[in-house]
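Input: a single structure, listed below in structure tokens.
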Amino acid sequence: MMTPGAAVETVSVDTLRAREYPLLDAEGHVYLDYTAANLPPLSVMARHADLLRGHLLGNPHSTNPASSLTTTLVERARGAVLRFFNASPEDWVVIFTANATQALKLVGESYPFGPGGEYLLTFDNHNSVNGIREFARARQSPATYIPVVLPDMRVDNAELVRHLDRAKPDGANLFAYPAQSNFSGVQHPLDWIEIAHARGWDVLLDAASFTPTNRLDLDRWQPDFVVQSFYKIFGYPTGVGCLLARRAALSKLRRPWFAGGTISVASVQGDKYYLAEGEAAFEEGTPNYLALPAVEMGLEYIASVGLEAIHRHVNSLTSRLLQGLAALQHPGGVPLARIYGPRSTDRRGGTVTFNFYGPHGRPIDHRDVEQRANAANISLRTGCFCNPGGGEIALGITGTELSSCFHQPEHETHLTIDDFRLCIDGKSTGAVRVSVGLASNPADVDAFLTFAEGFLADRSTP
Ligand SMILES: Cc1ncc(COP(=O)(O)O)c(C=O)c1O
């Protein structure tokens with residue numbers, strides 16, 4: 001077990017892999033896609049299966065015994081989430097959702113955007129955060145992007161403050177950013193939260209990529225809204241996420257409709273409805289009630305391994321990966337990999353994104369890298385990872401190129417990825433992403449580096 005306070009030893013990770021993730025070594029699988037999903041630990045699945053085998057659980061929202069037990073377990077899961085984030089129930093509400101995306105949609109559709117308000121966000125954001133701009137614009141609030149700057153893909157602080165200074169005091173102003181980028185691994189500063197608050201912004205923090213390997217203490221940091229998918233932290237169950245909202249911020253949201261589970265009273269003839277209090281007003285329909293008890297088990301699992309130990313472990317593997325990649329050069333000295341993001345472990349997580357280049361400096365298509373990785377039983381990911389702003393900056397694709405592409409008549413309503421490739425002729429349309437996590441070991445990193453070395457020896461590389 002990785003004990004907090006102790007340096008992570010290979011043997012302890014080996015024990016964890018053998019006990020919780022035996023398929024990794026049994027299948028010789030090099031899994032390097034932790035930013036997309038953590039792997040399901042056997043002990044959490046077993047505990048969950050035992051619970052379901054041993055208890056009769058019915059749909060919550062009733063007083064019958066099968067329903068009451070479910071309600072108790074769901075409320076226990078809610079309490080466990082609050083404790084994990086060190087969020088006091090007096091100040092914070094946990095709204096269970098299907099995933100981070102649904103949590104973001106709840107904020108987007110309910111935030112009181114209007115004329116005089118604004119949606120401000122970093123280029124570096126997941127599409128599920130980008131998509132909120134459509135809710136903003138539909139209600140006459142502009143959406144404004146703050147760029148990130150190569151090579152580290154961080155935001156220029158002065159530029160951020162310039163944007164934040166523009167908030168109109170009477171408007172509803174929402175600022176959204178990821179605590180950690182799913183594109184570059186950059187950790188954007190949490191002290192932006194107070195800087196934004198002081199200038200009249202509500203803050204939506206996307207914690208999806210950050211929390212699996214970092215403590216997010218909501219007593220110390222007080223954004224207004226935080227979104228999370230639980231499979232990113234502990235792999236199982238899928239289909240459950242949450243919106244954590246400060247009570248004061250929640251009261252600003254205006255629900256656009258009502259649904260089963262969200263009301264205290266709704267009437268057909270009276271043509272009226274009354275929303276329930278707190279989280280209930282946002283939990284639409286029947287929650288994933290059989291899966292929710294496993295959230296508490298997953299959080300207990302993370303506590304047993306130790307989040308600080310996971311952080312140090314991932315940090316050390318990231319360093320190994322970054323150093324190993326930087327050392328790979330073609331005979332003439334041309335580096336194999338161009339990394340998009342920080343080259344050291346300073347303020348970054350275990351997500352490393354890059355493209356490979358041939359000895360003459362020409363890019364090696366990320367799709368070829370993926371195919372060769374697949375053949376070597378290495379799970380990595382290529383493309384833009386639902387983070388187009390990160391991709392456009394990293395790959396040098398300009399706004400002018402994009403608008404001339406999107407405004408061609410034949411692209412009015414339809415654009416395939418191949419059409420897009422033709423539009424930005426010659427440039428890469430994607431990158432390769434390798435990410436390490438709690439079950440990764442040095443051998444995984446080394447296996448990837450050996451795989452990467454193959455591109456140096458390969459005479460067919462451009
Ligand atoms: C940073 C970030 N935000 C949001 C999401 C969306 O998560 P989900 O697809 O689970 O809703 C992801 C998923 O990859 C992510 O990496």
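We did not get these values from a lab; they are worked out from the coordinates using the rules stated. Model, not experiment: these values are computed from the prediction. In this analysis, Cβ positions are derived from the backbone assuming ideal geometry, glycine residues included, and neighbour counts consider all displayed protein chains.
Tabulated data
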{"quantity": "Viscosity 1.306 mPa s, 10 °C: Kirkwood-radius Stokes-Einstein D of segment 80-173 over Cα pairs, µm²/s", "calculated": "105"}
{"quantity": "Segment Leu290-Leu456, extension gain: residue separation times 0.36 nm, minus the distance between their alpha carbons", "calculated": "54.8 nm"}
{"quantity": "Value of relative contact order over segment 47-198, rounded to a whole percent, pairs C-alpha under 8 Å and six or more apart", "calculated": "18"}
{"quantity": "Projected-area average for segment 199-331 over all orientations - Cα convex hull basis, square nanometres", "calculated": "13.1"}
{"quantity": "Label-point separation in nm, Ala46 to Asp191, each point 7 Å along Cα→Cβ", "calculated": "4.6"}
{"quantity": "Antiparallel content of DSSP bridges confined to segment 166-235, in %, to 5", "calculated": "10"}
{"quantity": "Cα pair distances exceeding 21 angstrom across segment 391-462, given as percent", "calculated": "51"}
{"quantity": "Proximal aspartates and glutamates to Lys168, defined as alpha-carbon separation beneath 19 angstrom and excluding residues fewer than eight positions away on the same chain", "calculated": "Glu118, Glu159, Glu194, Asp202, Asp224"}
{"quantity": "Cβ-placed point charges (K, R +1; D, E -1), dipole of segment 43-169 about Cα centre in debye, nearest 20", "calculated": "280"}
{"quantity": "Where N is the number of residues in segment 273-343, Cα Rg divided by 2.2 N^0.38 Å", "calculated": "2.05"}
{"quantity": "For segment 125-154 and segment 294-338, distance of Cα centres in Å", "calculated": "28"}
{"quantity": "Relative contact order for the chain, counting Cα pairs under 8 Å that sit 6 or more residues apart, in percent", "calculated": "22"}
{"quantity": "Cα convex hull of segment 340-462 - mean projected area over all directions, nm²", "calculated": "9.2"}
{"quantity": "Intensity falloff of segment 345-391 expressed as log10 I(q)/I(0), Debye formula with alpha-carbon point scatterers, at q = 0.19, 0.21, 0.25, 0.30 Å⁻¹", "calculated": "-0.78, -0.91, -1.07, -1.13"}
{"quantity": "Taking N as its residue count, the alpha carbon Rg of the chain over 2.2 N^0.38 Å", "calculated": "1.02"}
{"quantity": "Residues Asn127 and His61, FRET efficiency given R0 of 30 Å [Cβ-Cβ distance, rounded to 0.05]", "calculated": "0.40"}
{"quantity": "Exposure proxy ranking, count of Cβ atoms within 10 Å, fewest first, for Lys252, Lys232", "calculated": "Lys252, Lys232"}
{"quantity": "Where a label projected 7 Å from the Cα of Gln371 along Cα→Cβ would reach, residues of segment 413-436 with amide N under 19 Å", "calculated": "417-422, 426-433"}
{"quantity": "Distance between segment 352-427 and segment 203-247 - C-alpha centres, whole angstrom", "calculated": "29"}
{"quantity": "Rg(Cα) / (2.2 N^0.38 Å) computed for segment 171-246, rounded to two decimals", "calculated": "1.11"}
{"quantity": "Lysines with Cα under 30 Å of Lys232, excluding same-chain neighbours fewer than 8 positions away", "calculated": "Lys105, Lys252"}
{"quantity": "Beta bridges per DSSP with both ends in the chain, % antiparallel, nearest 5", "calculated": "60"}
{"quantity": "Stokes-Einstein D (µm²/s) once Rh is taken as the Kirkwood radius of segment 159-199 over alpha-carbon pairs, at 4 °C in 1.567 mPa s", "calculated": "114"}
{"quantity": "Pairwise label distance in nanometres, Gln408 with Arg53, each label 7 Å out on the Cα-Cβ vector", "calculated": "5.9"}
{"quantity": "Over 17 Å [Cα-Cα, segment 277-431], rounded percent", "calculated": "75"}
{"quantity": "Extension reserve of the Thr72-Glu401 stretch, reckoned as 0.36 nm per residue once the Cα distance is removed", "calculated": "113.0 nm"}
{"quantity": "Order by protection proxy (mean Cβ within 10 Å, highest first), peptides 438-447, 265-274, 164-173", "calculated": "438-447, 164-173, 265-274"}
